[in-house]
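These notes concern the structure reproduced below.
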């Protein structure tokens, strides 16, 4: 009986941890630095595009910015995408009001981090 109770408790904890990984509208995330030269899972503009528009070719203005999830999109292949807007309401690089990101891959790569309340 103890083993059955222990198994049920462990399974419920697993389901609860899985439920916390699904993004909700209004969740606050923090943009971290990319693991390579570019962001692979967040749809920021390329550095050459920033230079063409008169901006500095650097991702430093968005590192450690707080962003909010404004929309959650689940594709047919099972990937979850989120539309992100800056929490303070300004534009990314002075150009875009929102960007799209592959939620699961960006979290795993460390490009996005869930902000602790």
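Each label point was placed 7 Å from the Cα along the Cα-to-Cβ direction; for residue 7 and residue 28 their separation is 4.2 nm. With both labels modelled 7 Å from their Cα along Cα-to-Cβ, the residue 38 to residue 95 distance reads 1.2 nm. At q = 0.12 Å⁻¹ the log10 of I(q)/I(0) for the chain amounts to -0.50, computed by Debye summation with a single uniform scatterer per C-alpha, solvent ignored. For the chain, the longest principal axis of the Cα atoms and the long axis of helix 2-19 meet at an angle of about 20 degrees. Relative contact order of the range 25-114, taken over Cα pairs closer than 8 Å and 6 or more residues apart, is 38 percent.
Coordinate-derived values only; no laboratory data. What you see is a predicted model, and the numbers here were worked out from it, not measured in a lab. Using ideal geometry, Cβ is built from the backbone for each residue, glycine included, and neighbour counts are taken over all protein chains shown.
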